[in-house]
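Novice: Once you've had a glance at the structure underneath, I'll fire off some questions.
Every number in this text was worked out from the coordinates using simple rules, so none of it is lab data. In this text the structure is predicted, and so the values were computed from the model without any measurement. No Cβ is skipped: glycine too gets one built from the backbone with ideal geometry, and neighbour counts run over all protein chains shown.
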Amino acid sequence: MKAKIIVMPRAEVLDPQGEAVRQGLASLGYDGVRHVRVGRYVELELDSTEDMTASATVQRMCEQLLANEVIEDFEFSVES
Amino acid sequence: MKAKIIVMPRAEVLDPQGEAVRQGLASLGYDGVRHVRVGRYVELELDSTEDMTASATVQRMCEQLLANEVIEDFEFSVES
Amino acid sequence: MNVAVVTFPGSNCDDDCHYVCRSVFGATTIQVWHKEKSLPSGVDVVILPGGFSYGDYLRTGALARFSPIMEDVVRFAGRGGTVLGICNGFQILCEAGLLPGALIRNQSLRFICESVPVRVETTESQLTSALEKGRVLHIPIAHMDGNYFAKEDTVRGLEDSDQVLLRYCTSEGEVSDASNPNGSCANIAGIMNSGRNVFGMMPHPERASETPLSSIDGRELLAGLLGGSL
Amino acid sequence: MSDYQSSQFTSEIIEEHGLSPDEWVRAVEICGREPNLVELGIFSVMWSEHCSYKSSKVHLKRLPTEGPRVLLGPGENAGVVDIGDGLAVCFKMESHNHPSFIEPHQGAATGVGGIMRDIFTMGARPIASLNSLRFGPIDHPRTRHLLTGVVSGIGGYGNCMGVPTVGGEVQFHEKYAGNILVNAFNLGLVPANRIFLGQATGVGNPVIYVGSKTGRDGIHGATMASESFDDEALEKRPTVQVGDPFTEKRLLEACLELFERNLVLGIQDMGAAGLTCSTFEMAGRAGTGINLHLDAIPLRESGMTAYEILLSESQERMLLVCSPEQVESVRAVFEKWDLDCAVCGTVTNTGRVVVTHHGEQVVDLPASPLADNAPMYDRPYAPPEDLEVRRTLDESSCHSDDLLADLYALLSSPNLSSRRFIYRQYDHMVRLGTRVGPGGDAALIRIPGTDKAVGMTVDCNSRWCWLDPRQGAALAVAEGVRNLACVGAEPVGATDCLNFGNPERPEIMWEFAEAITGMAEACAALDAPITGGNVSLYNETDGVSILPTPTVAVVGLREGLSDESPNPSSAFRSNDSVVAVVGKVAGGTLGGSEFVLHKTGRTAGIPPSCDLSAEKVTSDVVRELVQGGLVESAHDVSDGGLLVALAECTGAHHGHHLGADIAWTGDETPTQAFFGEAGARIVVSFPADGYGAVQALAEKYGATLTLIGTVGGDRLIVSYNGHSITADLDEMYSRWDQGLANAVGVNQ
Ligand SMILES: Nc1ncnc2c1ncn2[C@@H]1O[C@H](COP(=O)(O)OP(=O)(O)O)[C@@H](O)[C@H]1O
Ligand SMILES: [Mg+2]
């Protein structure tokens, strides 16, 4: 069972890294890039359980450790 | 037009972050987690062009800047 | 001796490099802003200093390698010119493809600042020609991403052609896991290119060049490059 | 409450802006009419405790602020002290307690960023940082997360800035479990004749905004629903600010370039209360006015209201004034560094701040009454009811049955073990100035091109302050001066960060007033004038106040250094050298000590008092001994008492362990003699043939000097009245070195 988790800086929070990448792309000539946000991507391999429980588990993992909800949002999918 | 890019450490590269997350999860009692890899997730907003060109552009962005192919693999999707 | 020190936005050891080249080695130093398109004429050595170019955002060195000056640095290196990258400078050289491999996050995921022993692995380089092989130098490191990675065959290639400059070791010169501060492949702390004119190292020799500071071992490496009399 | 008598606002709105009924009346008076909502927001932040010091000002006035070297005392962004050779140092300390509790990494990072802006806004280049931290017990469920986050935040920001973090202090105590403390100190170097002030001078001059764009960060004030705030807008306000050290580094270099080329007339960082505070203060200080156009402000988000733009606390921004001819040069400098730069206003002679947004006038207020004549309170104070209980300790219940085991336990305890786990994460060597870094009694940073070095240290034993705030605060200053003496530096000034609970409680106000008294006495007696500082009140959670924590950073000067001068050290250096104590060996007390905390888990008893004349003499002697190269080591005896200090002397340097054989006699119990704590004691060591010179110097100052042993061997043997312990050096060192890392649960 595999979980794929995306953790992103919340929309209203400053994302200096995204801004630096945008400027970097612009200086490489990609000036059509309007907005960049940089987050984390986490892939977990879980001992297989039922999908429902897995979802609930991953949700808790995100809340407890993988995302910092003060400044980050997360979303995830679970597949077997 | 939006591009979503996942950049992951290559399989043969040590992933200290992934390993730390695995240990962190284990110490929280999630010991069913066998394997963790941590990568980057980049979201770009592009001035809309045709899908084909956009794909080619994002591919180049990844090769040039967003991923370092010595240590990282990438994949992406483009949506309008 | 004319030394050009490149300042990227976020460089923070550029002043230190100027200062040591000038006041310890009597070199003439030239400040080069990263937006310049070419190095000044008459430059003998180019130093890419430590720091956090572009805030280390995305990957260390990833954005700096596209700074306008880098094209001429690549040309300069291609002509056989001497280039030294220290810490962030090493990271930039790897990203720019002037040196093989990459520097990833320290195994501990923590920044490490301390003086560490490193062993001289070759005397076939400008930096180390006056030293003995196996000599242990104490030089500070200060980095978050100093974990050297290269594919196995790349590392073997470096070893086979004697391109490894320095390895992390114990004070007695023993290279072991216990003496590896950051997880680097084969304890590698510094390397050079196959042309033996481009050097990269995580330790900061400029921080170990004057008696009142942690040690003067770094001076011996720089002396090889800058030719100053000690 | 009808006494608000407002026609536009409900009393809730005014209250939520933190204005009392009296303050509302005063605001109406100042305006000559009722303030509008934007103006109410401005009163709210300008008159907040944080910006106005309304509860503390009456007491702060009692601190000595003048000295022969002080160029600029409290009032500007940071104090400035002359160090000769045309140079001055500029330093200050600030708290970032609350944000660090919510998000430790970002909270601490932005705290460091904020204090650095305070320093470079004066024209100085930051050259060194310190920090003082307080957490709950190490085994408290949140402590590990908070500690590792705060440390990575301090390191992350400071390292990227290229400013070495050269020292600090960390303590753990249950009273901080719900309210941690993060105090950040920075010191910069500035030509003495080129100090820049936060003043909007020169009518007609442009006002320029530089740095990051403005977002909806840190807007407190109105949480109420009103026509201008729909819920959606409120949701868009982040609760935490993210630091961007990369932008700040560029901002620093750009500003230094302006200073170098004299392109600035006045400059001020945007800290708490952002654009509002800088505008009012700059106009207020210069006696001028400012017309400000919000449409020119670079924004990160669309749809921001005037209220939000004015009160945003987005980081990495500055406001400056230059002459009209200089604008293009200023702009070019910021362009070079790829930073935003926008002319957003003009200096006027009206004495008023007038703000327009979308063609409408949204603010028209007099500058100086808001900035300088904020309300001031002399809040009632009285000793806490439980003071006697706090100060009661049955000493017979806490004596040591096994001196060696207790020594080992103390050495590995979170409060006394080595801080290497922390300071290894800080770049403490960048800028090539660090002669003595973290791990020393005080940091010593050389000043290029001179024979000088600046010493700095931050201290506060908050347990003592809880048991006796006056003596505790005095001892904090004295410890700083003593630490400086150990590196041969003479105090030239000090800054403080006064962390206390809720000032509306009389017992907290009493702690505050007493602490000020103690600090004032000690600063005067030890020649360490206070040149600025910070007050952080309301540090309480669920009715539990923190221990009173008046953190003091003392800055000192050492002259006559050459490259060959040895760096001062706390560690024994050579076999057969003599070990001695400067100051009284006896007289340590167990009240409030680490030992009692370790034995009983309690903070109780009567703590040591501060003997200022003994402190002065001890520090004077040791300073001169160190300067003259007459001693090989000097180490202050602080938390943990004499035995812990001796243990530190044997192993304070990696890979350089030297034992000692120590013996003395006295009238105290062995527990007291070994673990009792007191001020005015410093352990020194020197070659036996140097004894005459050391003795002569002690006599000159009338200081007590007691020989207690000899350096040598691979064990520490200490014997008092025949009670003796023998400690293994490797054992001690590894416990001490790994104590904190082990407690945090990491390998290093
Ligand atoms: N948070 C910190 N950051 C950097 N250095 C620290 C920190 N806390 C403690 N240190 C360093 O560890 C050493 C021991 O600290 P402390 O026990 O407070 O010393 P002292 O009792 O001599 O004042 C000092 O050199 C101090 O600078
Ligand atoms: Mg202390």
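Novice: How high is the FRET efficiency from residue B:4 to residue D:378, r the C-beta distance, R0 41 Å, rounded to 0.05?
Specialist: Computed FRET efficiency for residue B:4 and residue D:378: 0.10.
Novice: Let me ask something else about it. What average number of partner chain Cβ atoms lie no more than 10 Å from the Cβ of the residues making up B:61-72?
Specialist: Other-chain Cβ atoms within 10 Å of each residue's Cβ, averaged: 6.
Novice: Normalised by the residues of chain D, what does the relative contact order come to in percent, with Cα pairs under 8 Å and at least six apart?
Specialist: Relative CO of chain D lands at 15 percent.
Novice: Also: Which residues among segment D:382-397 fall inside the zone where the amide N is under 20 Å from a point 7 Å beyond the Cα of residue D:502, along Cα→Cβ?
Specialist: Residues passing the 20 Å test: D:382-387.
Novice: Another question, then. Is the shape of segment D:2-48 rounded, prolate or oblate, going by the alpha carbon gyration tensor and its root eigenvalues a ≥ b ≥ c, with a/c under 1.5 for rounded and a/b larger than b/c for prolate?
Specialist: Rounded, since a/c falls under 1.5.
Novice: Going by alpha carbons, how many degrees (0 to 90, nearest 10) lie between the helix axis of D:691-701 and the longest principal axis of chain D?
Specialist: Between the helix axis and the principal axis of chain D, the angle is about 50 degrees.
Novice: Using only the Cα atoms of segment D:328-479, build the gyration tensor, take square roots of its eigenvalues as a ≥ b ≥ c, and label the shape rounded, prolate or oblate: rounded if a/c is under 1.5, else prolate if a/b is larger than b/c, else oblate.
Specialist: Oblate, because a/c is 1.5 or more while a/b does not exceed b/c.
Novice: Compute the distance in nm between two label points, each set 7 Å from the Cα along the Cα-to-Cβ direction, one at residue B:11 and one at residue C:33.
Specialist: 4.9 nm
Novice: Mind checking which aspartates and glutamates have their C-alpha under 14 Å from residue C:35, skipping anything on the same chain fewer than 8 residues away?
Specialist: The reachable aspartates and glutamates, counting only those whose Cα sits under 14 Å from residue C:35, are C:71, C:72, D:335, D:338.
Novice: When only alpha-carbon atoms are used, what values of Rg and Dmax, in angstrom, describe segment D:91-204?
Specialist: 15.9, 59
Novice: So how do C:132, D:313 line up by other beta-carbon neighbours within 10 Å, fewest first?
Specialist: C:132, D:313
Novice: Additional query: Just subtract the alpha-carbon distance of residue D:724 and residue D:542 from 0.36 nm times their residue separation and send over the number in nm, one decimal.
Specialist: 60.9 nm
Novice: Relative to the first principal axis of the alpha-carbon coordinates of chain B, what is the inclination of helix B:16-27, with its axis defined by its Cα atoms, in degrees from 0 to 90 and to the nearest 10?
Specialist: For helix B:16-27, the angle is close to 50 degrees.
Novice: Let me ask something else about it. At 0.36 nm per residue, minus the direct Cα-Cα distance, what do residue D:696 and residue D:663 gain on full extension? Give it in nm, one decimal, please.
Specialist: 9.6 nm
Novice: What ranking do D:482, C:156 get, fewest neighbouring Cβ atoms within 10 angstrom at the top?
Specialist: Sorted ascending by nearby Cβ count, the order is C:156, D:482.
Novice: Hey, another quick one. How large is the convex hull of the Cα atoms of chain D per residue, expressed in Å³ as a whole number?
Specialist: Hull volume over Cα atoms, normalised by residue count, gives 146 Å³.
Novice: If R0 is 51 Å, what FRET efficiency do you get for residue D:61 and residue B:63 from their C-beta distance, rounded to 0.05?
Specialist: E between residue D:61 and residue B:63, to the nearest 0.05, is 0.20.
Novice: Give me the net charge for the shell around residue D:724: Cβ to Cβ below 13 angstrom, other residues only, Lys and Arg +1, Asp and Glu -1.
Specialist: Neighbourhood net charge equals -1.
Novice: With θ set to phi - 60° and the Karplus curve 6.51 cos²θ - 1.76 cosθ + 1.60, what are the ³J(HN,Hα) couplings of segment D:109-118 in order, to the nearest whole Hz, using x for Gly and Pro?
Specialist: For segment D:109-118, the Karplus curve yields 4, 5, x, 5, x, x, 5, 5, 5, 4 Hz.
Novice: How big is the convex hull of the Cα atoms of segment C:94-162, per residue, in Å³?
Specialist: Dividing the Cα hull volume of segment C:94-162 by its residues yields 112 Å³.
Novice: How crowded by other chains is C:131-144, given as the mean number of beta carbons from other chains within 10 Å of each beta carbon?
Specialist: Mean number of neighbouring Cβ atoms from other chains: 2.
Novice: Taking R0 as 51 Å, what FRET efficiency do you get between residue A:53 and residue D:102 from their Cβ-Cβ distance, rounded to the nearest 0.05?
Specialist: According to the calculation, E is roughly 0.95.
Novice: Can you give me the long-range amide H partners of residue D:676? Hydrogens built in the peptide plane at 1.01 Å from N, cutoff under 5 Å, separation of 5 or more residues or another chain.
Specialist: D:642
Novice: Another question, then. For residue D:169, list long-range residues whose amide hydrogen, built 1.01 Å from N in the peptide plane, is under 5 Å from its own amide hydrogen.
Specialist: For residue D:169, whose amide H was placed from the backbone, the distant partners under 5 Å are D:131, D:132, D:133.
Novice: Evaluate the distance, in nm, between pseudo-label points positioned 7 Å from the Cα of residue D:656 and of residue D:717 along their respective Cα→Cβ axes.
Specialist: 2.5 nm
Novice: While we're on this one: Using only alpha-carbon positions, what ratio does the radius of gyration of the protein assembly as shown give when scaled by 2.2 N^0.38 Å?
Specialist: Relative to the 2.2 N^0.38 Å estimate, the protein assembly as shown comes out at 0.93.
Novice: Helix D:21-31 versus the longest principal axis of chain D: what angle, 0 to 90°, nearest 10, using Cα atoms?
Specialist: Roughly 50 degrees between the two axes.
Novice: Could you order peptides D:369-380, D:195-206 by the average number of other Cβ atoms within 10 Å of their residues, highest first?
Specialist: Answer by packing, highest mean first, reads D:195-206, D:369-380.
Novice: What list of ³J(HN,Hα) values in whole Hz, one per residue of segment D:491-506 in order, does the Karplus curve 6.51 cos²θ - 1.76 cosθ + 1.60 (θ = phi - 60°) give from phi, with Gly and Pro shown as x?
Specialist: Rounded to whole hertz, the list is x, 10, x, 8, 9, 9, 9, 9, 9, 9, x, 7, x, 7, 8, x.
Novice: Determine the sum of side-chain charges near residue D:539: Lys and Arg each +1, Asp and Glu each -1, restricted to other residues whose C-beta is under 11 angstrom from that of residue D:539.
Specialist: Result for the local shell: +1.
Novice: Place the peptides D:695-703, D:317-325, D:268-276 in order of packing, highest mean first, counting for every residue the other Cβ atoms within 10 Å and averaging per peptide.
Specialist: Descending mean neighbour count gives D:268-276, D:317-325, D:695-703.
Novice: Between residue D:85 and residue D:144, with labels modelled 7 Å along Cα→Cβ, what's the label distance in nm to one decimal, could you check?
Specialist: 4.7 nm
Novice: Moving on to the next point. What length, rounded to one decimal in nm, is gained on full extension from residue D:401 through to residue D:389, with 0.36 nm per residue of separation minus their alpha-carbon distance?
Specialist: 1.7 nm
Novice: If you bin every alpha carbon distance in chain B into 5 Å steps from zero, what whole percent lands in each bin?
Specialist: Answer for chain B: a P(r) of 3, 15, 21, 16, 14, 11, 10, 7, 3, 1 percent.
Novice: Report the net charge of residues surrounding residue D:369, where surrounding means a beta-carbon distance below 12 angstrom and charges are Lys +1, Arg +1, Asp -1, Glu -1.
Specialist: With Lys, Arg at +1 and Asp, Glu at -1, the net is 0.
Novice: Name the residues whose placed amide hydrogens come within less than 5 Å of the amide hydrogen of residue D:715, ignoring near sequence neighbours (fewer than 5 apart) on the same chain.
Specialist: For residue D:715, the qualifying residues are D:659, D:660.
Novice: How would you rank C:33, D:47, D:466, going from fewest to most other Cβ atoms within 10 Å of each one's own Cβ?
Specialist: C:33, D:47, D:466
Novice: Now for a different question. Kindly provide the pair-distance distribution of segment D:628-702 built from C-alpha pairs, with 5 Å bins from 0 and whole-percent values in order of increasing distance.
Specialist: P(r) for segment D:628-702, in whole percents per bin: 3, 13, 21, 23, 21, 15, 5, 0.
Novice: For C:209-218, what's the mean count of beta carbons from other chains sitting within 10 Å of each residue's beta carbon?
Specialist: That works out to 4 on average.
Novice: With the cut-off at 19 Å, tell me which of the pairs B:4/C:151; B:4/D:213; D:54/D:213; D:57/D:92; B:2/D:213 have Cα atoms farther apart than that.
Specialist: Cα-Cα > 19 Å for B:4/C:151; B:4/D:213; D:54/D:213; B:2/D:213; rest within.
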